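Input: a single structure, listed below in structure tokens.
Every number in this text was worked out from the coordinates using simple rules, so none of it is lab data. Keep in mind it's a predicted model, so treat the numbers as computed, not measured. Here Cβ is always computed from backbone atoms with ideal geometry, including for glycine, and neighbour counts include all displayed protein chains.
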Amino acid sequence: MNQACEWCNSKNVTQISGSVFWELPDGTRAIEITNTPTFSCPDCSMVYQSEQIVKKIEDQLFLIDCKKIGKVISYLDLMAVPRLLKKNYFDYFSP
Ligand SMILES: [Zn+2]
């Protein structure tokens with residue numbers, strides 16, 4: 001899959017694994033998510049997560065019991081946490 005930089009459209013963007021700090025949906029604290037699929041662009045120096053990944057993390061944090069997560073969790077471990085609800089009810093209202 002050929003990915004262009006979301007910021008400068010460069011085709012030189014590469015996929016790396018990075019750590020991101022994420023505030024929990026309830027705003028009580030932030031966690032560190034390690035090994036997150038991350039794009040790094042050599043042309044504009046942006047390091048970022050794609051919208052798809054951001055959405056996945058947001059959905060997952062919304063649907064799991066965040067109290068069970070420690071301060072640091074890997075992306076794969078986070079995605080493996082069982083969800084409390086079967087679907088994201090907020091998505092139901094989005095276009
Ligand atoms: Zn770029």
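Restricting to segment 1-14, name every residue that is of a type outside the set (D, E, K, R), within 11 Å of the ligand (Cβ to nearest atom) and either touching a Pro at 6+ places or on another chain (Cβ under 7 Å) or outside any strand (DSSP E or B) (or both).
Passing the criteria: Q3, A4, C5, W7, C8, N9, S10, N12, V13.
Within segment 24-42, is even one residue away from the ligand (no atom under 16 Å from the Cβ), of a type in the set (D, E, K, R), more than 16 Å from C5 (Cβ to Cβ) and in a strand (DSSP E or B)?
yes
Does segment 61-85 hold any residues that are of a type outside the set (A, V, I, L, M, F, W, C) and assigned to a helix (DSSP H, G or I), and which are they?
Selection gives K67, K68, Y75, D77.
Residues to consider are K55, K11, K67; find the one that is within 15 Å of the chain's Cα centre (by Cα) and basic (K, R).
Sole residue among the options that is within 15 Å of the chain's Cα centre (by Cα) and basic (K, R): K55.
Exactly one condition in (1) within 16 Å of the ligand (Cβ to nearest atom); (2) in a strand (DSSP E or B); (3) of a type in the set (G, A, S) is false for S17; which is it?
(1)
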